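Quick notes on the structure that follows.
The values are calculated or read from the model by the stated rules, or taken from the named source; none is laboratory data. The structure displayed is predicted, hence computed values, not measured ones. For neighbour counting, all protein chains shown are included, and Cβ atoms are generated from backbone atoms with ideal geometry for every residue, glycine included.
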């Protein structure tokens, strides 16, 4: 039995092709949150982007506020707030307000900012973003703890600043740092006793290869600062599309996979290598860590992640539009129905009960027939006995 019950969620950047109505995709994303909540997913992380055209949510906090009103139990995380783009007092206040509005269903994920084009529009040198992220985080942690902060840097000023609402969650909402290929996220998580969002866990060009390395960096840094990293707060993210058969899954993703690949290769030139004349689905599957297939294929990839990383707390689907809306919803449903039970052992007793029946089928059915025969004889219902024999209620030789 695993020591950690694996949780399941979604990382919604989001990723929507630019040929579709922007208003429609925002409302479909809200509908997706309702669908995930209905299916029983544990969490959803919402991204922040300001350029590129595809990633249409600029304020994860605004989206979460709306989604929380439409759902009952699923938790929401900012995935992530780009700290160099915001004054730290404003971030602390918005997260605290969301914590109260959702009564503890919000998590605070942060990062340095992904798209260079976002930073350029704000006049921010990308070389400064990781240092500014660490600066802002230190202040935000102090503010969430109820401290007054006076601090002046080249990009923000705080004069005896404090949050006027303390967090609803005690001592604070869960806080997670994004981690991709470099060890900076892991080291920050270890220093401040934070959760980790491994947003490139299935990426064959870097993220997958350094999963265990970055985790070790986090653990070593945590030890230096008197903390112990918890695997239950480690989340791995990757894309999946699931159907009843591999053939159906391949056919489903032809709807939007090439659009996704074109965007990914625009942001990161050369990503996925040289296609040549090969089927794009085969190119994606070559990594061995991306799923376009069946629930069994999804189980296999999660096992590979566990073999590489060890136990972790949650797997997050990278939300995408590879398939049409109905097939996308079906993919999330099949995952809950057939993949989740494998890792959470929710069917252990059901399997044992059915196996017991298989082993003793003849014995049990004989006892059932004998009991039915005895009851019918007791009341002298001979004709009913004959009918029962014909319908199989009691054995033919009873």
Hits in region 42-57 (condition: within 18 Å of residue 83 (Cα to Cα) and over 20 Å from the mean Cα position of the chain (by Cα)): 50, 51
Residue in region 146-162 that is farthest from residue 88 (Cα to Cα), counting only those that are within 34 Å of the chain's Cα centre (by Cα) and surrounded by 14 or more Cβ atoms within 10 Å (Cβ to Cβ): 162
Would you please name the residue that is surrounded by the most Cβ atoms within 10 Å (Cβ to Cβ), looking only at residues in region 14-50 that are over 23 Å from residue 73 (Cβ atoms) and in contact with a strand residue (DSSP E or B) (Cβ under 9 Å, 6 or more places away or on another chain)? 48
Among the residues of region 286-294, is any in contact (Cβ under 8 Å) with a residue 60 or more places away in the chain and crowded, with 17+ Cβ neighbours inside 10 Å? yes
Of the residues in region 13-31, those that are within 13 Å of the chain's Cα centre (by Cα) and more than 20 Å from residue 117 (Cβ to Cβ) come to none
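Kindly establish whether residue 64 is over 30 Å from residue 121 (Cα atoms) and touching a strand residue (DSSP E or B) at 6+ places or on another chain (Cβ under 7 Å). Don't jump to the end; show me each part of the working.
Numbers: over 30 Å from residue 121 (Cα atoms): no; touching a strand residue (DSSP E or B) at 6+ places or on another chain (Cβ under 7 Å): yes.
It is false that residue 64 is over 30 Å from residue 121 (Cα atoms) and touching a strand residue (DSSP E or B) at 6+ places or on another chain (Cβ under 7 Å).
Can you tell me which residue within region 168-181, out of those that are in contact (Cβ under 8 Å) with a residue 12 or more places away in the chain and surrounded by fewer than 23 Cβ atoms within 10 Å (Cβ to Cβ), is nearest to residue 209 (Cα to Cα)? First the steps, then the outcome.
First, pick out the residues of region 168-181 that are in contact (Cβ under 8 Å) with a residue 12 or more places away in the chain: 168-169, 171-181.
Pick out the ones that are also surrounded by fewer than 23 Cβ atoms within 10 Å (Cβ to Cβ) and you get 168-169, 171-172, 174-175, 180-181.
Values: 168: 38, 169: 35, 171: 35, 172: 33, 174: 27, 175: 25, 180: 11, 181: 8 Å.
If we take residues in region 168-181 being in contact (Cβ under 8 Å) with a residue 12 or more places away in the chain and surrounded by fewer than 23 Cβ atoms within 10 Å (Cβ to Cβ), then 181 is nearest to residue 209 (Cα to Cα).
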Do we have residue 395 as over 30 Å from residue 239 (Cβ atoms), surrounded by 11 or more Cβ atoms within 10 Å (Cβ to Cβ) and modelled with pLDDT under 90 here? yes
Pair list, Cβ < 8 Å and 6+ apart or interchain, from region 32-43 residues that are on the phi < 0 side of the Ramachandran plot and without any contact (Cβ under 8 Å) to a residue 40 or more places away in the chain to residues that are in a helix (DSSP H, G or I) and surrounded by fewer than 20 Cβ atoms within 10 Å (Cβ to Cβ): 34/70; 37/70
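Which one of 88, 2 is touching a helix residue (DSSP H, G or I) at 6+ places or on another chain (Cβ under 8 Å) and under 20 Å from residue 233 (Cβ atoms)?
Details: 88 fails: under 20 Å from residue 233 (Cβ atoms).
Going through 88, 2 in turn, the sole match is 2.
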How about region 191-214: which of its residues are free of Cβ contacts under 8 Å to residues at least 40 places away in the same chain, farther than 25 Å from residue 302 by Cβ and assigned to a helix (DSSP H, G or I)? 191
Filtering region 150-167 down to residues that are in a strand (DSSP E or B) and free of Cβ contacts under 8 Å to residues at least 40 places away in the same chain yields 150, 151, 152, 157, 159, 160
All positions within region 298-333 that are part of a helix (DSSP H, G or I) and either crowded, with 19+ Cβ neighbours inside 10 Å or not assigned by TED's automatic domain parsing to the domain that holds residue 235 (or both): 298, 301, 302, 305, 328, 331, 332
Scan region 221-247 for residues that are over 17 Å from residue 290 (Cβ atoms), surrounded by 14 or more Cβ atoms within 10 Å (Cβ to Cβ) and over 22 Å from the mean Cα position of the chain (by Cα) and jot them down. 221, 222, 227
Listed residues 135, 129; which is without any contact (Cβ under 8 Å) to a residue 60 or more places away in the chain, over 30 Å from residue 240 (Cα atoms) and within 27 Å of the chain's Cα centre (by Cα)? 129
